[in-house]
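Only the coordinates and a few stated rules stand behind these numbers; no lab work does. Values in this document were obtained by computation on a predicted structure and should not be read as measured data. Cβ placement follows ideal geometry from the backbone for every residue including glycine, while neighbour counts extend to all protein chains displayed.
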Amino acid sequence: MPNSESRFRLCMGTLEGKVILVTGASRGIGLAIAKTLGQEGARLILVARNRRPLGQAVAQVPGTVMSAATDVTKPGDVKRLFAAVKKRIGRLDVLINNAGVFTYKPFRKTTLEDWRRNLETNLTSIFLTTQAALPLLKRSCGDVVNILSISSRVAFPNCSAYTASKFGALGLTDVLRRELRAQSIRVTAILPGMTNTRMKKEFDFPLHGQDLVQPEDVAAAVISALVQPRRATMEEILVMPSRGAVGAGE
Ligand SMILES: NC(=O)c1ccc[n+]([C@@H]2O[C@H](COP(=O)([O-])OP(=O)(O)OC[C@H]3O[C@@H](n4cnc5c(N)ncnc54)[C@H](OP(=O)(O)O)[C@@H]3O)[C@@H](O)[C@H]2O)c1
């Protein structure tokens, strides 16, 4: 029986040939992560709900081996996705939970529908995908990378549903890290500040893209976590705009 140090050593490797599933891969941060990993030689599985943008993403991401139109809030969809990964590829090295939505409204105007959409997409999806991925990840030395937010740590006004979902997702991520250590699976939380994607349209004030973190900057943080030697885990990476939290309404 290998001790924990030798077990981690057995898992040394690069991104070349790794099978990596990215949720929310059709645009924004997820697409940038998938492209960057593909350029490093990884084999990508791309997931989002809408087929047309997903197809456009497949055409841009080198090393795509599979794509699946999947709603990660739906247990049946998630079950089908991982059954297909098992059948067609047979293993998974890295799960990247990135799919997310954002609502910018005062609490009194936040509807139950807004609340559920944020909680289900940003938190419940991580429960569903990670539980479904574990039997495939256990056979290798896996990584789970959760794309969370500065809103996992800091409460900004007008972001109640999003903040509740992202605080919860950070708590879940920390529990998973401790539970999955025994199986040599590393768990990393990436916390971007405001990033230049379509999501910024949700704000009711103008934002200049050049002031924000770029999706490629978040992708670079993901790579830096994955290429660490197995003995080291980048547990949490905060990637903020150098100008500070832009227009955060504080
Ligand atoms: N942009 C920011 O300022 C910022 C800052 C911090 C953290 N983040 C986090 O980064 C992640 C990505 O955000 P982004 O800015 O790149 O957003 P985005 O441009 O709006 O992209 C979101 C992606 O998630 C997919 N998606 C949404 N709901 C889904 C569902 N139920 N099932 C499957 N896929 C779903 C979307 O495709 P479909 O609509 O086709 O499904 C799309 O591919 C999110 O978790 C977000 O909270 C963003």
- [ ] Report yes if some residue within the stretch 38-56 is closer than 26 Å to residue 159 by Cα, over 14 Å from the mean Cα position of the chain (by Cα) and within 9 Å of the ligand (Cβ to nearest atom); otherwise report no.
- [x] yes
Open item on the list: Among the residues in the stretch 173-184, are any surrounded by 17 or more Cβ atoms within 10 Å (Cβ to Cβ), of a type in the set (S, T, N, Q), touching a residue at least 60 places away in the same chain (Cβ under 8 Å) and more than 10 Å from the ligand (Cβ to nearest atom)?
Closed with: yes
Open item on the list: Condition (residue is surrounded by fewer than 18 Cβ atoms within 10 Å (Cβ to Cβ), hydrophobic (A, V, I, L, M, F, W, C) and closer than 13 Å to residue 29 by Cα) applied to the stretch 203-220: is it met by at least one residue?
Closed with: yes
Task: Residue check, residue 117 outside any loop (DSSP other than H, G, I, E, B), surrounded by fewer than 19 Cβ atoms within 10 Å (Cβ to Cβ) and either touching a residue at least 12 places away in the same chain (Cβ under 8 Å) or among the β-branched types (Val, Ile, Thr) (or both) - done: yes
- [ ] Test each condition in (1) surrounded by fewer than 19 Cβ atoms within 10 Å (Cβ to Cβ); (2) touching a helix residue (DSSP H, G or I) at 6+ places or on another chain (Cβ under 7 Å); (3) not aliphatic (A, V, I, L, M) for residue 122 and report the one that comes out false.
- [x] (1)
- [ ] Among the numbered conditions (1) under 28 Å from residue 213 (Cα atoms); (2) buried (at least 16 other Cβ atoms within 10 Å of the Cβ), tell me where residue 59 comes up short.
- [x] (2)
Open item on the list: I'd like to verify a number: residues in the stretch 63-107 that are more than 15 Å from the ligand (Cβ to nearest atom) and acidic (Asp, Glu), how many?
Closed with: 1
TODO: Mind counting the residues in the stretch 108-131 that are within 15 Å of the ligand (Cβ to nearest atom) and within 16 Å of the chain's Cα centre (by Cα)?
DONE: 13
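Look through 233, 188 and report the one residue that is assigned to a loop (DSSP other than H, G, I, E, B) and over 30 Å from residue 111 (Cβ atoms). Give the derivation first.
Numbers: 188 fails: assigned to a loop (DSSP other than H, G, I, E, B).
Matching residue, one of 233, 188: 233.
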Open item on the list: Considering only residues that are closer than 26 Å to residue 182 by Cα and in contact with a strand residue (DSSP E or B) (Cβ under 6 Å, 6 or more places away or on another chain), which ones fall in the stretch 92-128?
Closed with: 92, 93, 94, 95, 96, 97, 98, 126
